[in-house]
Amino acid sequence: MSTVAAYAAATAGAPLERTTIERRPVGDHDVLIDIKYTGVCHTDIHRARAHFGRSIFPMVPGHEITGIVTEVGSGVTAHRVGDRVGVGCLVDSCRTCENCKAGLEQYCLGGSVATYGALDRNGEPTYGGYSTHIVVDQDFVVRIPDGLSLEQAAPLLCAGITTYSPLRHWNAGPGKKVAIVGLGGLGHIGVKIAHALGAEVTVLSQSLRKKEAGLKLGADHYYATSDPRTFEELAGTFDLILSTVSARLDLDSYLSLLKTDGALVNLGAPEEPVSLNVFSLILGRRSLAGSGIGSIQETQEMLDFCAGHGFGAEIELIGADQINEAFERVLASDVRYRFVIDIATL
Ligand code: NAP
Ligand code: ZN
Ligand code: ZN
């Protein structure tokens with residue numbers, strides 16, 4: 001066991017404060033990572049405030065982690081001391097269920113272990129990347145390719161894979177019209193990836209405030225959803241819509257923007273149940289789907305893809321003492337486009 005510094009919420013909704021936590025000893029298959037940067041995902045806020053009801057406190061959020069390997073267990077073959085590595089939303093899964101065997105451990109039927117706010121297979125709580133070190137099984141650690149800075153790579157570990165996976169699954173590419181709803185952490189990287197895949201990309205944002213920046217990220221078109229004419233003009237346009245909105249959406253309006261056979265994929269996680277008129281699906285054989293992060297192998301593929309295309313996330317680097325302020329700014333959609341904590345300030 002070793003005691004390391006961390007930022008934690010003591011109870012649901014409490015401000016995050018500096019504290020210490022215990023990390024397990026480095027096991028045979030474990031990697032000890034000296035964390036350098038951790039992205040602030042909107043999910044960190046949902047969970048630190050127990051929006052989904054099932055949270056464990058004290059909570060150390062953070063599942064967009066990059067750093068350097070400083071120790072490896074005797075059975076570790078995939079990573080070496082000094083390697084630049086990343087950890088995303090998962091640190092373990094059952095490895096025996098149908099989905100794990102199919103390389104879909106993000107949908108593990110036996111219960112995957114989230115990087116924070118969960119219990120590991122020994123029943124110990126997991127603590128995330130708002131801390132100086134983490135011990136992770138080698139199978140859940142990915143390589144950060146050369147050419148990607150650790151700070152710009154960090155948000156890819158959640159925001160990157162969460163948009164890459166559905167873009168690939170629903171075949172975004174040349175000839176496909178893709179809309180990204182919400183230009184925040186997930187949305188901005190979704191725009192970059194969809195553009196790099198060759199799709200025609202439209203941003204649907206609440207206002208035109210970020211239009212110029214959105215077009216620079218790779219969007220071909222940019223519309224404000226606060227303007228009702230947007231929904232008239234774009235009716236029946238898209239093959240694929242990814243919603244990254246953290247609040248409830250009027251699904252019927254967004255479904256009306258799909259072509260026949262188009263899919264609206266929900267990535268955002270509003271607290272309240274959603275409803276829709278089934279005719280929004282029936283008329284046009286449209287699909288409403290969801291998607292959760294991606295597998296470890298696909299996360300590696302995504303990192304290599306982003307490095308190959310020469311981009312990481314657009315970030316605002318913050319000190320640990322700005323975490324609570326950063327949460328408020330994310331809630332106010334005042335982030336361009338991801339806060340990343342410089343863990344050296346912790
Ligand atoms: P974020 O940076 O806050 O981005 C969300 C964006 O949604 C905002 O920038 C804003 O974009 C738009 N938005 C916010 N409130 C809205 C409202 N009331 N109506 C319409 N649009 C609104 O958050 P994020 O980190 O990208 O995460 C987005 C959501 O995805 C969160 O709910 C998070 O928990 C969830 N998530 C899911 C997965 C998964 O595996 N499915 C993984 C990670 C995160 P504009 O300013 O452009 O309108
Ligand atoms: Zn996340
Ligand atoms: Zn499993």
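The values are calculated or read from the model by the stated rules, or taken from the named source; none is laboratory data. The structure presented is a predicted model; accordingly, all values stated were derived computationally and were not measured. Here the Cβ is made from the backbone with ideal geometry for all residues, glycine too, and neighbour counts use every protein chain on show. We work out accessible area using only protein heavy atoms, side chains counted, and drop any ligands, DNA or RNA first. Shrake-Rupley method; radii C 1.70, N 1.55, O 1.52, S 1.80 Å.
Could you tell me the calculated FRET efficiency between ASP252 and SER226, based on Cβ-Cβ distance and R0 = 22 angstrom, to the nearest 0.05? With a Förster radius of 22 Å, E is 0.85. Note on ARG143 and THR96: their simple-model spin labels are 3.1 nm apart, each label 7 Å out from Cα toward Cβ. For the chain, the mean residue ellipticity at 222 nm estimated from helices alone is -6000 deg cm²/dmol, where every DSSP H run of n ≥ 4 contributes -39500 (n - 2.57) and the total is divided by all residues, rounded to the nearest 500.
Computed from backbone phi, the HN-Hα couplings of the stretch 256-269 come to 5, 7, 7, 5, 4, 6, x, 10, 9, 10, 8, 10, x, 10 Hz, rounded to whole numbers (Karplus: 6.51 cos²θ - 1.76 cosθ + 1.60, θ = phi - 60°; Gly and Pro given as x). Relative contact order for the stretch 160-290: 21 percent, from Cα pairs under 8 Å spaced at least 6 residues apart, divided by residue count.
Projecting the Cα positions of LEU242, ILE45, ALA320 onto the charge dipole of the chain (unit charges on Cβ atoms of Lys, Arg, Asp and Glu, taken about the Cα centre) puts LEU242 furthest along the positive direction.
Beta bridges per DSSP, both residues in the chain: antiparallel share near 55 percent. Surface composition of the chain: carbon and sulfur atoms hold 49% of the protein heavy-atom accessible area at a 1.4 Å probe. For the chain, find the longest principal axis of its Cα atoms and tell me its angle to the long axis of helix 185-196, 0 to 90°, nearest 10. The angle comes out near 70 degrees. Rounded, prolate or oblate: which one fits the stretch 130-179, using the alpha carbon gyration tensor with axes a ≥ b ≥ c (rounded when a/c is under 1.5, else prolate when a/b beats b/c, else oblate)? Verdict is prolate for the stretch 130-179. Think of a 1.4 Å ball rolled over the protein heavy atoms: the stretch 1-137 then has 43 Å² of accessible area per residue. Label separation (ARG54 vs ASN171): 3.5 nm, computed from points 7 Å beyond Cα along the C-beta direction.
Under the classification rounded if a/c is under 1.5, otherwise prolate if a/b is larger than b/c and oblate if not, where does the stretch 160-290 fall, given a ≥ b ≥ c as square roots of the Cα gyration tensor eigenvalues? Since a/c stays below 1.5, the shape of the stretch 160-290 is classed as rounded.
Among the listed pairs LYS176/LYS210; LYS177/LYS211; LYS36/LYS216; LYS176/LYS216, those whose Cα-Cα separation exceeds 22 Å are LYS176/LYS210; LYS36/LYS216.
Each residue of the stretch 323-332 is assigned a 3J(HN,Hα), and the resulting list reads 4, 5, 5, 4, 4, 5, 5, 5, 4, 8 Hz, derived from the Karplus form 6.51 cos²θ - 1.76 cosθ + 1.60 (θ = phi - 60°), x at Gly and Pro.
A cut-off under 10 angstrom between Cβ atoms defines the neighbours of GLU314, and their net charge, with Lys, Arg +1 and Asp, Glu -1, is +3.
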